[in-house]
Structures are given as C-alpha cells and as structure tokens.
Amino acid sequence: MVVDETYWRPSGELCSFLPLKQMLSLREAHGALLAFVQPLMTGESIMSIIGNLKPVRNGANEELHGEIKTLQFSVKVRLVPELIKTNDQSPDYKIFAFGSTGELTEIGAAWQKTKQTPGEPDFEFLSITIDDMSFPNALNVAAFKNKQGGWDITWRRRLTTAQSAA
C-alpha cells in the first residue's frame, strides 16, 4: 500500500476509514476544524467526505450546487437561500434534489453556523439535514469550506463504546 492510499483515523491509528491525503488536505484547509470535531479526535466517531457544493450566482442570490454520493445513492443537490426567515431557528437554505424527470423536489434544510473557540479563529460551516421517505432515518451531515471556494460535505458515524475501546 502506498502512502497516498493509506487510511487514517483522526486519533492517529491507521485503519480503513478516511484517506490520509484527504485528512491532511482537510487539516490544512481547516486548521480549526479538528478542534470542532473533538469526538473525531477521541475515537468516538469517524468522518468521511461524501459530497461537495460550489457557489453559483442565480440572479441576486448565491445558491450552492453540488452532489452527495454514497454506496446507496447519488443525488445532485441545490441549496437555495431562504429569503424570508420566520424565526431565529428557521433554516438558512432549503435543499432541493433533481428528480428522475428533472424536476426539483425539496429534500431538506441547512443552517449556517459559526464555531467559536477561545484562542482560535472562528470558522463557518453548514449543518445539513436531508430526508426522504425512502431513507430509514434522516441524513445529518455538515459542510466545511474548502480551498477551492466551495464546500466539502462530511458525514460521521458515531462509534459505540465497544468500538471506540477496540
């Protein structure tokens, strides 16, 4: 196995979860990211990049277009700014997917968040929830800005106590 294909778990153990090259790229792009995902560092969860978003100008608004891919599905998504928020907890974006006939169907929402840690620079991320009647549960993911001006969509699985002790 060559170094670029080595897989790394953020606690420092080699395993088959996140490509080392991707993790180092994330670490370089988001120095504060590792502080935010503290459970990731303690072995309580494992993170994977499952998609991306790129800003696209649509009239006066900036939308985010991209895709999410897993072994079970691949979907092109569009995050459209929610221009009229009814309260502070209302989402900042509505998420739409392209259906089989090309029509847009609403499948979720995203909230703009800022992680503030004393002594470290603030950074923004998106908290995303996607749901569909075909899913056994809602898909909760986060998106972090990348060097290319877009966003990396990440998913993490929380480990059971037995798994994190192994």
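Worth a mention:
- Condition check for Ile107: among the β-branched types (Val, Ile, Thr) and within 19 Å of Ile49 (Cβ to Cβ): no
- The criterion of being in contact with a Gly (Cβ under 7 Å, 6 or more places away or on another chain) and surrounded by 11 or more Cβ atoms within 10 Å (Cβ to Cβ) holds for Ile128.
- Of all residues in segment 132-146, those that are surrounded by 15 or more Cβ atoms within 10 Å (Cβ to Cβ) and outside any strand (DSSP E or B) total 1.
- The single condition among (1) at pLDDT below 95; (2) within 17 Å of Gly66 (Cβ to Cβ) that Ser127 does not meet is (1).
- Strands (runs of 3 or more DSSP E) within segment 35-108 that include 2 or more residues in contact with a helix residue (DSSP H, G or I) (Cβ under 9 Å, 6 or more places away or on another chain), at pLDDT below 95 and within 22 Å of Asn137 (Cβ to Cβ): 45-58
Residues checked against (1) acidic (Asp, Glu); (2) surrounded by 14 or more Cβ atoms within 10 Å (Cβ to Cβ); (3) more than 16 Å from Trp155 (Cβ to Cβ):
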| residue | (1), (2), (3) |
| --- | --- |
| Ser90 | no, no, yes |
| Lys94 | no, yes, yes |
| Phe98 | no, yes, yes |
| Thr101 | no, no, yes |
| Glu124 | yes, no, yes |
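The values are calculated or read from the model by the stated rules, or taken from the named source; none is laboratory data. Note that the structure is a prediction, hence the values are computed from the model and not measured. Positions of Cβ are backbone-derived with ideal geometry, glycine not excepted, and every protein chain shown enters the neighbour counts.
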